[in-house]
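Beneath this line is the structure, given in structure tokens, with notes to follow.
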There are 2 protein chains.
Amino acid sequence: MAEYLLSLEDIQELWPLLSPQEKVESLQFVPRHLAEDFFLSLSAHDQAELLLNVPPIDRRSWVRLLPPDDVADVLQSMDKTHYEDVLPYLDDQTRKEVSALLAYAEDNAGGLMNPRFARLRPEMNLDEAISYLKRQTREQIETIYYTYVLDEQQHLLGVVSFRELFSGKPDLKVKDIMRMDMVKALDTMDQEALSRLFTKYNLLAMPIVDSENRLKGIVTIDDIVDVVNEEATEDIQKLGGMEALDTPYLKTSFFRMIRKRGGWLVVLFLGEMLTASAMGYFEIHIVRAVFLAMFIPLIISSGGNSGSQASTLVIRAMALGEIGFRDWWMVVRREIFVGLTLGSILGAIGFLRVIAWQGLFDSFGPYAMRVGFTIFGSLVGVVTFGTLAGSGLPFLLKKWRLDPASASAPFVATLVDVSGILIYFSLAGILLHDVLFG
Amino acid sequence: MAEYLLSLEDIQELWPLLSPQEKVESLQFVPRHLAEDFFLSLSAHDQAELLLNVPPIDRRSWVRLLPPDDVADVLQSMDKTHYEDVLPYLDDQTRKEVSALLAYAEDNAGGLMNPRFARLRPEMNLDEAISYLKRQTREQIETIYYTYVLDEQQHLLGVVSFRELFSGKPDLKVKDIMRMDMVKALDTMDQEALSRLFTKYNLLAMPIVDSENRLKGIVTIDDIVDVVNEEATEDIQKLGGMEALDTPYLKTSFFRMIRKRGGWLVVLFLGEMLTASAMGYFEIHIVRAVFLAMFIPLIISSGGNSGSQASTLVIRAMALGEIGFRDWWMVVRREIFVGLTLGSILGAIGFLRVIAWQGLFDSFGPYAMRVGFTIFGSLVGVVTFGTLAGSGLPFLLKKWRLDPASASAPFVATLVDVSGILIYFSLAGILLHDVLFG
């Protein structure tokens, strides 16, 4: 390799910094087969960029490296107007398959599957089956490790692992060793549900059928790893209080970033404006006992923090399928007890702080104990309300068929801030009535 | 199946509600081979529970269903005192392999790998190789789809996919078709780094070697799906402002839950106490212009929300390997511009709110414009500081070799709350000087 100026590692290192044109050129500095491996390892987004920037004369050999499901992904990551810069370079068979795949939504089973799978007939014996498979490996099938047994109308009858085929007696028939109780999925199933099936049953590949049980393609576990990462990223970004970006951080333009983040930030800001109205309602409390204002951030943020913990736990457990809608009462009841306990711990610390300040600076005069109890009681109330709201909201959103992950930490915090102010000043109104209104 | 009282679906449905003893009994109601499939699909935690609750006489047949890496996982999910209830039921070879695996940390490559892989010698021809493989399938090897070419000291020389073996000319030698430039990992590599290698190179299996390039085992992509889910759950829980639970939500005891959540909640509470001190410093501002207190929650929460967005984005992009430490300046610089833009949007809304209130209720008398500019300026400052802190903190934590995911939404919010109060009152002190001190 001494005649090449750059190693593949150099290119990987530099990749994010290169212009599209430089990317194309850099690949000429490494041996062709390594450049091809590198191309195959890129994301659909990067593959699309490269394909559109190589000279048209080179485009065919690059695009034909890709199996049809990857071509569909590449097309879906570019503007529709560019489809005609790619589709003509495919062979007829692949073009037909790609067009069929593009009809599926990107994030359901049909959009993930590869339409090229290894197939067998039930009446073949194992020897015939193995040589029939050998012929199929010359085409670009996704895997020979699972083979699907079909009748003449393409109905899925059973599945045989290559390992079973290979270790069985050669004169047995395929139908004698095939499994008929396999897990399969409809082509319209959502990719998140599909990935839960894979992890639940520890599968390596799953056949995807239409509503009449005709085999349309297979999804393999390597695609599921991408789905799992993608879905986790989406949930994490929503939990952080914004819309999911759908593109890698460094590839998201400035204006798109502002749009995805600004929307939620404005909604939260408008919600938080209610705190100003709520405090306006208690203005007289603050005028008469200004020390009450000092504790506002402490109290409302504790509610937000405990709510953030609860909603995060519930949303993730839902995404993993650990809990479902029917568990709502068990979860919420439990969170109320967690909230009471955590609130009492924080309340005790808050109480001690008031007493300590009283001892050191005589900050609260004869009312110190009652101020202490106001802080204690407010923290118990606010933290319990926070865990209740944080754990209950995801269930409500799910019931209304919205994404539970929208119950983000900032969203719950905003909700709890307003109620925290109400709880705090109402309790102060009772316990410190003579100070405020006497 | 008419003679069985329960279907497998019934059992799956009821599973979380059953006592350990009932779980064992329920499996007697389904055909043995389905019960075995179900057992294999359970988590290591559930498998451990079942194994310890079946009568000792049945334990051998259940535990021997598991490959050595799964046995090691099962043992690691039970108390060490129970090891002796399981280990004696293994065959000698497996027991030896399991003990070797237990020496690795659970979350590195050595702890994930399966020590049973298909092996070949370089000098075999392809026909010999295939029949040698056929013999190996009788043992419980993890996969025959990748076979590893070893010398006599077990050094890894190359890899051949079964598909290549199967479609090559029978008289070629293994060494003629093996790939030598495969991706491999050290047994001490962290599982998160390992999962990034899998996704980067689209691998189905990876050989794990020791520091002298001796093959110790293989990790397959189905294990990586679990790793990806596990790591995302850990990050999501940390981002929610708590320690990672390490166990499913419903299986975490009440006291463990309090410990995992209470610790961070107390730390955040102590941090947030600084807001009370900061506000004490500005008490005179509030006494002279009580309307300033009304806007405190609005202003500090906006900083927290924008900080939460920034830290979430940066932490996730780091976890996926999209950005690394060297990108810190590019990211932070960009976030400052995002913060200025978002802050100006929120500031404009806040300004309009003040002017509207002034028009409706004459809330601020002759100072309305200056109050409006105080709100505008504070929001620009606080939101910019929030995005700066949120994007910069994960890099600092990474530099100090701490987990970036500890820069959770609540943590950033707490940090930004204190600074928000300082920014807000300082700006008010300048713009409204005559009102406050005149």
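Taken together, the values in this text are just the output of simple stated rules run on the coordinates, not laboratory data. Being a predicted model, the structure only gives us computed values, none of them experimental. Positions of Cβ are generated from backbone atoms using ideal geometry, with glycine treated the same way; all protein chains shown enter the neighbour counts.
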With region B:118-222 reduced to its Cα atoms and the Debye formula applied, log10 I(q)/I(0) at q = 0.13, 0.17 1/Å amounts to -0.46, -0.77
Taking region A:118-239 and dividing mean pair separation by its residue count, relative contact order in percent (alpha carbons under 8 Å, at least six apart):
22
Given the options A:PRO410, A:PHE373, A:PHE385, identify the residue whose Cα lies farthest towards the positive end of the charge dipole of region A:249-437 (+1 on Cβ of Lys, Arg; -1 on Cβ of Asp, Glu).
A:PRO410
Taking Cα centroids, how far is region B:100-131 from region A:154-228 in Å?
26
Once amide H atoms are placed 1.01 Å from N in the peptide plane, what residues at a sequence separation of 5 or more from A:GLY158, or on another chain, have their amide H within under 5 Å of its amide H?
A:VAL149
When each copy gets a label point 7 Å from Cα toward the beta-carbon at B:GLY324, what are the spacings between them in nm, shortest first?
4.4
Under the classification rounded if a/c is under 1.5, otherwise prolate if a/b is larger than b/c and oblate if not, where does the protein assembly as shown fall, given a ≥ b ≥ c as square roots of the Cα gyration tensor eigenvalues?
prolate
Assume the label is 7 Å from Cα along Cα to beta carbon: what separations in nm does B:PRO56 have to the matching positions in the other copies?
8.0
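Taking every residue in B:255-261, how many Cβ atoms of other protein chains lie within 10 Å of its Cβ, on average?
4
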With θ set to phi - 60°, apply the Karplus curve 6.51 cos²θ - 1.76 cosθ + 1.60 along region A:303-315 and write out the HN-Hα couplings as whole Hz, x wherever there is a Gly or Pro.
x, x, 5, 5, x, 4, 4, 5, 5, 4, 4, 5, 5
For the protein assembly as shown, what proportion of DSSP beta bridges, expressed in % and rounded to the nearest 5, is antiparallel?
75
Tell me which residues come under 5 Å, amide H to amide H, from A:GLY217 once H is placed; ignore anything under 5 positions away on its chain.
A:ILE208
Taking the Cα centre as origin and putting +1 on Lys and Arg beta-carbons and -1 on Asp and Glu beta-carbons, what dipole magnitude results for chain B, to the nearest 20 debye?
1560
Pick out which of B:ILE421, B:ILE345, B:ILE315 has the largest mean-square fluctuation in a Gaussian network model of chain B, springs linking Cα atoms closer than 10 Å.
B:ILE345
If the cut-off is 29 Å between C-alpha atoms, which lysines fall inside it for A:LYS238, apart from same-chain ones fewer than 8 positions away?
A:LYS80, A:LYS200, A:LYS251, A:LYS260, A:LYS398, A:LYS399, B:LYS200, B:LYS238, B:LYS251, B:LYS260, B:LYS398, B:LYS399
Name the residue from A:ALA105, B:GLY321, A:GLY359 whose Cα lies farthest towards the positive end of the charge dipole of the protein assembly as shown, charges +1 on Cβ of Lys and Arg and -1 on Cβ of Asp and Glu.
A:GLY359
At 7 angstrom along the Cα-to-beta-carbon line, where would the label on A:LEU352 sit relative to the other copies? Give the distances in nm, shortest first.
4.8
For B:317-329, mean number of other protein chain Cβ atoms within 10 Å
2
By the gyration tensor of its Cα atoms, with a ≥ b ≥ c the square roots of the eigenvalues, what is the shape of region A:262-414: rounded for a/c under 1.5, prolate for a/b over b/c, or oblate?
oblate
Hey, got the average number of other protein chain Cβ atoms within 10 angstrom for residues in B:268-279?
6
Roughly how many whole Å is it from the C-alpha centroid of region A:273-289 to that of region B:325-383?
21
Given the peptides B:261-270, B:297-306, arrange them by the average over their residues of other C-beta atoms within 10 Å, most packed first.
B:297-306, B:261-270
Please report the net charge: other residues with Cβ closer than 15 Å to the Cβ of B:VAL332, K and R +1, D and E -1.
+3
If I build a Gaussian network model for chain B, linking alpha-carbon pairs within less than 10 angstrom, which residue out of B:SER311, B:SER391, B:SER253 has the largest mean-square fluctuation?
B:SER253
Expected vector for region A:16-23, Karplus 3J(HN,Hα) from phi with 6.51, -1.76, 1.60 and θ = phi - 60°, integer Hz, x for Gly and Pro, equals x, 8, 8, 6, x, 5, 5, 4
Between B:ILE57, B:ILE355, B:ILE224, where does the largest GNM mean-square fluctuation fall for chain B, given springs only between Cα atoms within less than 10 Å?
B:ILE57
Cross-link reach list, lysines versus B:LYS169, counting only Cα pairs under 25 Å and skipping chain neighbours closer than eight places
A:LYS134, A:LYS169, B:LYS134
Compute the Kirkwood hydrodynamic radius of chain B, taking the inverse of the mean of 1/r over all pairs of distinct Cα atoms, and give it in Å to one decimal.
26.6
